[in-house]
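The values are calculated or read from the model by the stated rules, or taken from the named source; none is laboratory data. Bear in mind the structure is a predicted one, so any value in this text is a computation, not a measurement. Glycine also receives a Cβ, built like all others from the backbone with ideal geometry; neighbour counts cover every protein chain displayed.
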Amino acid sequence: MAERTSALAGHFSPELRGKPGEPGVSLSEVSDLTLWQIAAWPETLAEISQTIENQIGASEAPGPGRCASGTRGAALRIEPLKWWLLDTPAPSVAADLGVTLDLSHSRTRIRIAGCDAAACLSRLLPLDLREAEFSLGDVASSSIHHVGVTLARGPESYDLFVPRGFALSIWELLLETAEQFGAEIL
């Protein structure tokens, strides 16, 4: 297997930037991304949901626009018939039930945290990130400067999945936007 190199390698180092004092936003890359996409056929949705539950060790597969964590990984329902599986070994799916695709090398996962993370992201994404509208476990496909991205809300941070070829330019936009709140690169 090819050795993976980060799209952001050598382009940043840990530091504080922007507004002095306590940083309002922290940015980091989540390295060694393991990302599998599973697509179901309309008539096999229930079987694939069960496969995902078993794969990640959860009691239930997430519904559209939601994510779920289990004892062996996490799943994001990015479309009505598609899931992304994180941090789990390759799933086994019979061809008559659905399709599996390894996306690990195609995306960069950027974590945005801090008390001003939602305000920072709101300046770049056309999404309402208030708690009542985009709550814990929500997932949305959107865009930053015409680049398709996927955003997931965790308990203390947001995870932004960016196509590898655009990772550096999106990183620079995030950092520039975060500086007004005080930015910490981890």
Does L27 satisfy the criteria of being modelled with pLDDT of 95 or more, of a type outside the set (G, A, S), outside the structural domain of R153 (by TED's automatic domain parsing) and assigned to a strand (DSSP E or B)? no
Name the pairs whose Cβ atoms lie under 6 Å apart, with the first residue in segment 167-186 and in contact (Cβ under 8 Å) with a residue 60 or more places away in the chain, the second of a type in the set (S, T, N, Q), and 6 or more positions between them or separate chains? A167/T108; E184/S26; L186/S26; L186/S28
Criterion violated by E47 - all others in (1) over 17 Å from I78 (Cβ atoms); (2) touching a Lys or Arg at 6+ places or on another chain (Cβ under 7 Å) satisfied: (2)
Looking for something under 19 Å from the mean Cα position of the chain (by Cα), of a type in the set (D, E, K, R), surrounded by 14 or more Cβ atoms within 10 Å (Cβ to Cβ) and in a loop (DSSP other than H, G, I, E, B) - is there at least one such residue anywhere in segment 54-71? no
Those residues of segment 1-24 which are assigned to a strand (DSSP E or B) and of a type in the set (D, E), in sequence order: E15
Wholly within segment 82-172, which strands (runs of 3 or more DSSP E) include no fewer than the required count, namely at least 1 residues that are β-branched (V, I, T), within 25 Å of S6 (Cα to Cα) and in contact with a Pro (Cβ under 7 Å, 6 or more places away or on another chain)? 98-102, 147-153
So for segment 2-11 (the condition being buried (at least 17 other Cβ atoms within 10 Å of the Cβ) and outside the structural domain of A117 (by TED's automatic domain parsing)), does at least one residue qualify? yes
I need a count of the residues in segment 151-186 that are charged (D, E, K, R), buried (at least 18 other Cβ atoms within 10 Å of the Cβ) and more than 12 Å from R109 (Cβ to Cβ). 2
May I ask you to verify whether L27 is among the aliphatic types (A, V, I, L, M) and without any contact (Cβ under 8 Å) to a residue 40 or more places away in the chain? no
Looking only at segment 72-81, how many residues end up being assigned to a strand (DSSP E or B) and either buried (at least 20 other Cβ atoms within 10 Å of the Cβ) or in contact with a helix residue (DSSP H, G or I) (Cβ under 8 Å, 6 or more places away or on another chain) (or both)? 6
